[in-house]
Structures are given as structure tokens and as C-alpha cells.
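The values are calculated or read from the model by the stated rules, or taken from the named source; none is laboratory data. Model, not experiment: these values are computed from the prediction. Here the Cβ is made from the backbone with ideal geometry for all residues, glycine too, and neighbour counts use every protein chain on show.
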Amino acid sequence: MFETAPRRDAIGKVVVVIWILAVAARLILIDQPYVDHWSWRQSDVAAIARNFSEGGFRFAHPQIDWAGNATGYVGTEFPILPFVAAICYQFAGIHEWIGRSQAIVFFAVSLPFLFLLVREIFGSTAAIWATFFFSFAPVNIFAGRSFMPDVPSLSLAIVGLYFFLRWIEDRESVSFLLAAITISLSILIKVTSIVIAAPLLYLAVAGIGDPGRLETKLMRSRDHR
């Protein structure tokens, strides 16, 4: 039995409430200096952003402040986050909330995709619980308001995994393109996100090698639970 319209509406309202509360929790002390846990990592990213802003936006030359008399150029992840923060500095000034808000924005965008992804595979009830625990896990709340690449990378991986699943189902090139872009950015921002290859490989084998089996599983997951 498929979900009724009233049930879908109720589920949608629950997800919206979770989304609002999760974002609100991450906005607490959004302008806090980078003196909390992982302060060294956040300070490095903030230093790169400030040096981009003051040093001419040389994207291929991320620069930290603790290199003494050296130039401070450092090998790091794809520096899109500090680069975007540096652009924002030009309009709003240098503030901690600019760096912290990036993680919040990525989290906020990814949360509906997490719900949709889990719902496609396990159904609506599991998707609500997964969304809730993902939103309010203490480590996720802390990392989700920190000026670091971890949550943005994870968020892009979730979005990419969802679009890859859509591509497996409908074979539309737009879905594949969006999956390729978001997953590529996820790995560039934080290379440890390469672990996304495991579920991608499973979906590719299940969806391409045995499409009927995957379609049957997904159809069952859409039944009322």
C-alpha cells in the first residue's frame, strides 16, 4: 500500500520542522571566534581566506600565517571554501560568521537530499529517523558550524549520491551530470570523501548489472511502512 496524501503531508511537515531546528541549533554563537575545538584547523582555513582577500585572490597559492619568514604557501585541499569566504570579506568585512555559515549552508542544502535518499531505499519512517539523528548528532552540530571542509564535503557527497541513484533509476543525463559535479567537488574539498566510491560502486553494479533487482527493492521501499 502506497503512502496516502495526508501521510505525505505530515511527513513533509516533520522534515521541515527538523530542518528548521537543525539550522537554528547551528546558528547559536555563529559569530564566535575560532577558539573552540579544532581551533587550529579553523584558524588555518581562516588565515588562507584572509590572505586570499588581502593578497590578490591567487586561487592556486593558499597561504597560512605561521610559516615564519617563509612565504607560507601550503599544500591543502581544493581551497574553494576560503576563496568564497574571501570574496564575502570584500563586501561584509572579515567576520567569523562568514566562514562558519558556509558549513551551515551546505548542511541545510544537503538535509532534504539525505531524507530523499534514505526514503528511496528504506522508506519514509527510516528516512525521518535518519534525518533526525543526522541533524542532532553532537559532533555533526559542532562540525556543522565550523570553518572546515568536513561538513561541506559530506554534504556534497550526500547530494551526489542521491543524484547518482536518480540516474540509476531514470538514466537522465542531468542527474548523472549533477552527481559527477557534486561528488567531484566533495572529493576535492576533502579527499577522505573518496569513501563515497563504495556506495556508488554498489549502486552501479545493482542498477546496471541487475536493474530489475534494484528496481524491485526501490518499489518495495516506497510502500507504506
Next item on the list: Taking Arg166 as meeting all but one of (1) at pLDDT below 95; (2) within 27 Å of Gln42 (Cβ to Cβ); (3) not polar (S, T, N, Q), write down the number of the exception.
Entry: (2)
Notebook entry, point to check: Between residues in segment 153-174 that are touching a residue at least 60 places away in the same chain (Cβ under 8 Å) and over 15 Å from Lys190 (Cβ atoms) and residues that are acidic (Asp, Glu) and surrounded by 19 or more Cβ atoms within 10 Å (Cβ to Cβ), which pairs lie under 9 Å by C-beta distance while being six or more apart or on different chains?
Noted result: none
Margin query: Among the listed residues Phe132, Phe142, Phe115, identify the single one that is surrounded by fewer than 21 Cβ atoms within 10 Å (Cβ to Cβ), farther than 17 Å from Tyr202 by Cα and modelled with pLDDT of 95 or more.
Written below: Phe132
Checklist line | Filter pass, Asp223 being under 23 Å from Ile11 (Cβ atoms), modelled with pLDDT of 85 or more and of a type in the set (D, E, K, R) | finding: no
Next item on the list: Can you work out which of the residues in segment 74-112 that are polar (S, T, N, Q) and surrounded by 21 or more Cβ atoms within 10 Å (Cβ to Cβ) is nearest to Arg26 (Cα to Cα)?
Entry: Gln102
Margin query: For the list (1) buried (at least 16 other Cβ atoms within 10 Å of the Cβ); (2) touching a strand residue (DSSP E or B) at 6+ places or on another chain (Cβ under 9 Å), I need the number of the one condition that Thr71 fails.
Written below: (1)
Next item on the list: Check Val84 against each of (1) closer than 22 Å to Ser184 by Cα; (2) in contact with a Pro (Cβ under 9 Å, 6 or more places away or on another chain); (3) of a type outside the set (Asp, Glu) and name the one condition it does not meet.
Entry: (2)
Check: Does segment 58-79 contain any residue that is closer than 12 Å to Phe147 by Cβ and not in a helix (DSSP H, G or I)?
Finding: no
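To keep it simple, each residue is scored yes or no on (1) over 23 Å from Trp97 (Cβ atoms); (2) outside the structural domain of Pro149 (by TED's automatic domain parsing); (3) under 21 Å from the mean Cα position of the chain (by Cα).
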residue: Thr4; (1), (2), (3): yes, no, no
residue: Ala10; (1), (2), (3): yes, no, no
residue: Ala22; (1), (2), (3): no, no, yes
residue: Gln42; (1), (2), (3): no, yes, yes
residue: Val45; (1), (2), (3): no, yes, yes
residue: Ala49; (1), (2), (3): no, yes, yes
residue: Ser53; (1), (2), (3): no, yes, no
Notebook entry, point to check: How about segment 88-135: which of its residues are without any contact (Cβ under 8 Å) to a residue 12 or more places away in the chain, in a helix (DSSP H, G or I) and closer than 22 Å to Arg58 by Cβ?
Noted result: Cys88, Phe91, Ala92
Margin query: Every residue in segment 46-68 that is in contact with a strand residue (DSSP E or B) (Cβ under 9 Å, 6 or more places away or on another chain), hydrophobic (A, V, I, L, M, F, W, C) and over 18 Å from Gly93 (Cβ atoms), please.
Written below: Ile64, Ala67
Next item on the list: Might you check whether a residue that is closer than 25 Å to Ala46 by Cα, among the small types (Gly, Ala, Ser), modelled with pLDDT of 95 or more and assigned to a helix (DSSP H, G or I) occurs anywhere in segment 191-211?
Entry: no
Checklist line | Hits in segment 142-177 - residues which are over 20 Å from Ile196 (Cα atoms), under 13 Å from the mean Cα position of the chain (by Cα) and in a helix (DSSP H, G or I) | finding: none
Notebook entry, point to check: What is the residue count in segment 1-37 for residues that are touching a helix residue (DSSP H, G or I) at 6+ places or on another chain (Cβ under 8 Å) and not basic (Lys, Arg)?
Noted result: 18
Check: If we scan segment 171-190, do we find a residue that is within 17 Å of Leu81 (Cβ to Cβ) and charged (D, E, K, R)?
Finding: yes
